[in-house]
1. Which residues, counting only those in segment 103-136, are closer than 15 Å to A160 by Cβ, of a type in the set (S, T, N, Q) and not in a helix (DSSP H, G or I)?
2. Is it fair to say D183 is under 22 Å from L103 (Cβ atoms), surrounded by fewer than 16 Cβ atoms within 10 Å (Cβ to Cβ) and not aromatic (F, W, Y)?
3. Being touching a Pro at 6+ places or on another chain (Cβ under 7 Å), at pLDDT 95 or above and more than 29 Å from I161 (Cβ to Cβ) narrows it down to one of V223, V248, V236, so name that one.
4. Being at pLDDT 80 or above, among the acidic types (D, E) and assigned to a loop (DSSP other than H, G, I, E, B) is the filter here, so list the residues in segment 67-89 that pass it.
5. With of a type in the set (V, I, T), in contact (Cβ under 8 Å) with a residue 12 or more places away in the chain, in contact with a Leu (Cβ under 6 Å, 6 or more places away or on another chain) and not assigned by TED's automatic domain parsing to the domain that holds N265 as the only criterion, which of I158, I126, I99 stands out?
Amino acid sequence: MWSGTATLPAVSRSQLERKGEKVVRRKVGGPTKVPSNWPDFLRDSTNKEELFQFLSDKVGSNDWPDGKEVFITSGTDVISRGSDHSMPRCDHEEADTRIVVHLKDALDKGCTTCLVRTVDTDVVVILIGKYHSLTSQHQMAAIWVAFGTGKNFMYLDINAICYALGKDRSTALPMFHSFTGCDTTSAFFGKGKKSVWEAWNAYVEVTEAFNNLMNHPYMTVTVNCKEFQLLERFTVIIYNKKSNLDSVNEARRELFSQKNRTMENIPPTQEALLQHTLRAVYQAGIWATSDHCEQKPPTSEGFGWTLESATKTWRPVCSNLPVASQACSGLIKWLQKRHVHVWRTMLMQEGAVEVHITLQLPM
C-alpha cells in the first residue's frame, strides 16, 4: 500500500532547496539503478508517483500461492489477486489513512485478527483513534501493529492500548497528536511528546475539545469558540503547569517579564495559536474520516494555509497580525512627537508581535 498523488499542503521543492536539501529527479524503471539516498529521492513527488505505480504493476503481475489474497493500491484503484472480492476506489492522499479503509474491509469480510506493519507513528495514532469505531461493529476484532525496525522493532496491541487509555482519550488522541506536532503541523518549541502528555494529564478538560474536533471534522474554529478556549488554556499549561491564566497573551507577558523566559520558551500569541490550531484541525479532519473510501476534504485555504499564486505552492499562515516594524513604528513616532519617553518590549514569535509600552509623561 502506498500514497496517492500529493495535492495537500506539503513541503515544496522550492522550500527544500531554500533549506539546502537537494531534490533529486530520477526516472523510475526496471533497469534503473536503485538510489543511494532514499530520503532525497522520495522528496520529489514525481519520483514517488512513478515508484508507487512501478511497484503496483510488479506486485500485481506476480504469481501468488493458492489461498493468498493480495490487494494492491494503484492510484485511486485497488488491484486484487487471489480473490473475487473488489474494493471501491479510494481518494486518500496518504497511505497512513488508506490503511484504515483496508483494515475495515478485512474486518467486514470476517477477519478477526489483523496485523498492520508500519514504521510511522501517525499510523499507530490513527488506528488508536478509530479503534472504538471499528470494534463497535466488530467486537471480536484484535488489531496489532508491527512497529519499528531493528532493535526498536515491537508488536503493539492496539486493543490493550485503547483499553488502558479509555474511549475518550483514544478517540481524542489524533487531535492531540496533530495539535502538539506531526508531519504537517509544527510542535511547540522545546516541548516534546512526553512534556505535552504530562500537560494533558494536568488539564484533562481539554479532552472535550479534542473529541469535539474529531467528531466534527473540519469544524470552524474562532478565538471565541469553546474548543479554542480549551486549547488556549491547554497551551498555557504546556508552558507553565502552575499558571492560573487562560490567555496565551497574558501568559507570554508573565513568563517574559516576571520569570525571565526567553522568547523561545514562551507560548505563541493568540493569533499565531489560532492559525496553528486551524492547521491541526485540518489534519485531524483527514484522520477522522480515514474510514471513508472517499474523504473529499475541503480546500486547506483558510485552515492556516494559503496558496501562493506565483509559485502554486502551499504556505503556512503564521499570523494575520501586521508586521512588527510597520505596526509599531507609527505609534512610537506619534508618542515621541508629544515628548513622551517610550520603553518597548517586543515579544515576537512566528511573525506575530505583541508590544508592551511604558509611558513617562513629561513633568
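1. If the condition is that a residue be closer than 15 Å to A160 by Cβ, of a type in the set (S, T, N, Q) and not in a helix (DSSP H, G or I), then T113 is the only one that fits.
2. Details: under 22 Å from L103 (Cβ atoms): yes; surrounded by fewer than 16 Cβ atoms within 10 Å (Cβ to Cβ): yes; not aromatic (F, W, Y): yes.
It is true that D183 is under 22 Å from L103 (Cβ atoms), surrounded by fewer than 16 Cβ atoms within 10 Å (Cβ to Cβ) and not aromatic (F, W, Y).
3. Working: V223 fails: touching a Pro at 6+ places or on another chain (Cβ under 7 Å); V236 fails: more than 29 Å from I161 (Cβ to Cβ).
Going through V223, V248, V236 in turn, just one is touching a Pro at 6+ places or on another chain (Cβ under 7 Å), at pLDDT 95 or above and more than 29 Å from I161 (Cβ to Cβ): V248.
4. E69
5. Step by step, each of I158, I126, I99 is checked, and only I158 is of a type in the set (V, I, T), in contact (Cβ under 8 Å) with a residue 12 or more places away in the chain, in contact with a Leu (Cβ under 6 Å, 6 or more places away or on another chain) and not assigned by TED's automatic domain parsing to the domain that holds N265.
Matching residues to (1) in a loop (DSSP other than H, G, I, E, B); (2) more than 22 Å from H177 (Cα to Cα); (3) at pLDDT 50 or above:
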{"residue": "S290", "(1), (2), (3)": "yes, no, yes"}
{"residue": "E294", "(1), (2), (3)": "yes, yes, yes"}
{"residue": "P298", "(1), (2), (3)": "yes, no, yes"}
{"residue": "A310", "(1), (2), (3)": "yes, yes, yes"}
{"residue": "N320", "(1), (2), (3)": "yes, yes, yes"}
{"residue": "L335", "(1), (2), (3)": "no, yes, yes"}
{"residue": "V342", "(1), (2), (3)": "no, yes, no"}
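The values are calculated or read from the model by the stated rules, or taken from the named source; none is laboratory data. Fair warning: this is a prediction, and the values are worked out from it, not measured in the lab. For neighbour counting, all protein chains shown are included, and Cβ atoms are generated from backbone atoms with ideal geometry for every residue, glycine included.
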